[in-house]
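Worksheet: the structure to be examined is printed underneath.
The values are calculated or read from the model by the stated rules, or taken from the named source; none is laboratory data. Quick caveat: nothing in here was measured; it's all calculated off a predicted structure. Every residue, glycine among them, receives a Cβ derived from its backbone with ideal geometry; neighbour counts consider all protein chains shown. Protein only, heavy atoms only, side chains kept; ligands, DNA and RNA dropped before computing areas. Shrake-Rupley method; radii C 1.70, N 1.55, O 1.52, S 1.80 Å.
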Amino acid sequence: MKAFIRIGTAAALAVAISLLISWVGELDGSVLSPSGEPMTVFSDHTTGALTPETVVDALVDLGLSAEIRRVSVRSSLLEIDLALTGDQVDEASVRADMGAVAGLALARSDNISRVFVRVLEPEREGSGAKLLLALSGAKSEFRSTELQRLRDGEPMPDAWLEEKMRLTATDRWRELAH
């Protein structure tokens, strides 16, 4: 009979603790998403190390519209050069590509804390590629909730490219984009 009482007490205590843990998120306002809804704490989107061996597959999975010219992965830095293809410049797709690369480096990798993305004009006969845009950013500029949103597949908003990252445009980019 004593064993039954102990098992029953342990089961009741386990249920009480489980209920208490589920209510903690509602009690703490910092656990809410910016829209006021409870945040996803457990997600199937995990991070991993971005290495010279894994970066190719990761970039191919992004489905970038620009051509990848050069990639360098070092201890905590990802550098990538993208070249525009064709004569038409689609500003929205260029920004989407830069945001996707930045999201990959900063939100979905454990080992990368800085990212540099350069967008180059297509090479013309007799001239080399010209720099159009440069983007640099650091993981430390983003809150954990923002990084989680990127991990969950939300594209990086243009506002983040402007506010949280350093975006530099050349005069040539301004000519082509407008």
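For K164, which lysines qualify as cross-link partners when the Cα separation must be under 30 Å and same-chain residues fewer than eight apart are set aside?
By straight Cα distance, K164 reaches K130, K139.
Tell me the accessible surface of K2 in square angstrom (1.4 angstrom probe, heavy atoms of protein chains only), to the nearest ten.
Roughly 150 Å² of K2 is accessible to a 1.4 Å probe.
Fully extended, how many nm does the chain gain between S72 and R6 (0.36 nm per residue separation, minus their Cα-Cα distance)?
Length difference between fully extended and current span is 17.7 nm.
Project the alpha carbons of segment 135-178 onto their principal axes and report the range along each, largest first, in whole Å.
For segment 135-178, the Cα spread along each principal axis is 36, 19, 12 Å.
How would segment 50-178 be classified by its alpha-carbon gyration tensor: rounded, prolate or oblate, with rounded meaning a/c under 1.5 and the a/b versus b/c comparison settling the rest?
It comes out prolate by the Cα gyration axes.
Mind putting a number on the dipole of segment 50-171 about its Cα centre? Charges go on the C-beta only, +1 for Lys and Arg and -1 for Asp and Glu, and I need it in Debye to the nearest 20.
Its charge dipole is roughly 520 debye.
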